[in-house]
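The values are calculated or read from the model by the stated rules, or taken from the named source; none is laboratory data. Being a predicted model, the structure only gives us computed values, none of them experimental. With ideal geometry, Cβ positions are generated from the backbone for all residues, glycine too; neighbour counts draw on all protein chains shown. Note: areas computed on protein heavy atoms with side chains; ligands, DNA, RNA excluded. Shrake-Rupley method; radii C 1.70, N 1.55, O 1.52, S 1.80 Å.
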Amino acid sequence: MKLATLKSDNRDGRLVVVSKDLAWCADATRIAPTMQAALDDWERCEPELRSLSSELERETIPRERFHEREALSPLPRAFQWADGSAYVNHVELVRKARNAEMPATFWTDPLMYQGGSDAFLAPRADIPLGDTAWGCDMEGEVAVVTGDAPMGCSTEEAAKSIRLVMLVNDVSLRGLIPAELAKGFGFFQSKPPSAFSPVAVTPDELGDAWDGAKLHLPLLVKYNGELFGKAECGIDMTFDFPQLIAHLAKTRPVTAGTIVGSGTVSNKLDDGPGKPISEGGVGYSCIAEIRMIETINDGAPKTPFMNYGDTVRIEMKDKDGKSIFGAIEQEVVKV
């Protein structure tokens, strides 16, 4: 089942079910007015939404064209957005580029930060940037949306809480990060609003690409129209989604509608740091990573961060080459 949130007079949008080919949608507000309302009452809403989805596929109900440009992020705002760093290769590269030793615990205890969740960008909305010196970067990720999970839940319980899967562009302002981290209080100004894919899907919609914990497909990232990354999401993911959710729930309950991100999807190559697509590698899901590799190899980065007018497109296709979630497609603009 595929779900989306379309623009409406309500700041949380209106809930629709979307056809498998992303061409059509049907209003679902008689079941739940918003995505959050559906998640809050999932036991009742899920079977009704599935029935509506089946009717949409059979073309037995009123339908309308689904236009990705009219979609908000599936949850335009959320009670919680917690982003992990599950691909430890990415973390290792960051530290190696600045000649810093990586603690051994990074391989056994996930990194996670709590991002701003009060106003996500729509998947086709511009990325507002006040100053290019802030070092604007995209970060291609996968995320899950949870139901309720109790404090101290096991990974098995955490896995059962996963309701939906979607993609993320976790925008980062790299130039602001060092000074913020130096204060010892974590990210804030360096993490502006993120954007999520036009469509969120139930795990069963992914078939054998979803194993209950990881998504096994490449994440396609285009930068200024050129393929920049095609990293495999199921490879080099040190911490899977149930582990990330259980980590989040160690000291607090997780409530329905919580979004948990994977962190930047990152692959190694022959035990090395990875290569650009032009050199036979799978490329990168963010600019920072290629800058790290340039620093490691050449002593200094040469690829700049995003400038005004630069564009990013993040998408995932199934084995038949069809888009699963629709595309995040954004341009950096001056504000």
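Residue-wise test of (1) aromatic (Phe, Trp, Tyr); (2) surrounded by 18 or more Cβ atoms within 10 Å (Cβ to Cβ).
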residue	(1), (2)
Val221	no, yes
Leu227	no, no
Gly261	no, yes
Phe305	yes, yes
Val312	no, yes
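With respect to Ala133, determine if the residue is farther than 19 Å from Thr34 by Cα, open to solvent by less than 10 Å² (accessible area, probe 1.4 Å), in contact (Cβ under 8 Å) with a residue 12 or more places away in the chain and part of a helix (DSSP H, G or I).
The answer is no for Ala133.
Is there a residue being modelled with pLDDT of 95 or more, among the basic types (Lys, Arg) and either more than 17 Å from Gly84 (Cβ to Cβ) or part of a strand (DSSP E or B) (or both) anywhere in the range 180-198?
Taking every residue of the range 180-198 in turn, none turns out to be modelled with pLDDT of 95 or more, among the basic types (Lys, Arg) and either more than 17 Å from Gly84 (Cβ to Cβ) or part of a strand (DSSP E or B) (or both).
In the range 278-299, which residues are open to solvent by 50 Å² or more (accessible area, probe 1.4 Å) and of a type outside the set (Asp, Glu)?
Ser278, Gly280, Arg291, Ile296, Asn297, Gly299
Quick test for you: out of Ala159, Ala86, Ala143, pick the one residue that is in contact (Cβ under 8 Å) with a residue 12 or more places away in the chain, closer than 28 Å to Glu232 by Cβ, in a loop (DSSP other than H, G, I, E, B) and touching a Gly at 6+ places or on another chain (Cβ under 9 Å).
None of the other options fit; the residue is Ala86.
Listed here are the residues, each with its yes/no results for (1) within 20 Å of the chain's Cα centre (by Cα); (2) under 23 Å from Glu315 (Cα atoms); (3) of a type in the set (Asp, Glu); (4) open to solvent by 30 Å² or more (accessible area, probe 1.4 Å).
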{"residue": "Met1", "(1), (2), (3), (4)": "yes, yes, no, no"}
{"residue": "Gly13", "(1), (2), (3), (4)": "yes, yes, no, no"}
{"residue": "Ala23", "(1), (2), (3), (4)": "no, yes, no, no"}
{"residue": "Ala28", "(1), (2), (3), (4)": "no, no, no, no"}
{"residue": "Leu52", "(1), (2), (3), (4)": "no, no, no, no"}
{"residue": "Pro74", "(1), (2), (3), (4)": "yes, yes, no, no"}
{"residue": "Arg77", "(1), (2), (3), (4)": "yes, yes, no, yes"}
{"residue": "Ala82", "(1), (2), (3), (4)": "yes, yes, no, no"}
{"residue": "Tyr87", "(1), (2), (3), (4)": "yes, yes, no, no"}
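Mind checking which pairs have a first residue in the range 19-44 that is under 16 Å from Glu70 (Cα atoms) and part of a helix (DSSP H, G or I) and a second that is among the aliphatic types (A, V, I, L, M) and at pLDDT 95 or above, Cβ under 7 Å, 6 or more apart or different chains?
Met35/Leu3; Met35/Leu15; Met35/Leu75
Please tell me if Ala32 is under 17 Å from Pro62 (Cβ atoms) and over 20 Å from the mean Cα position of the chain (by Cα).
When the stated conditions are applied, Ala32 does not pass them.
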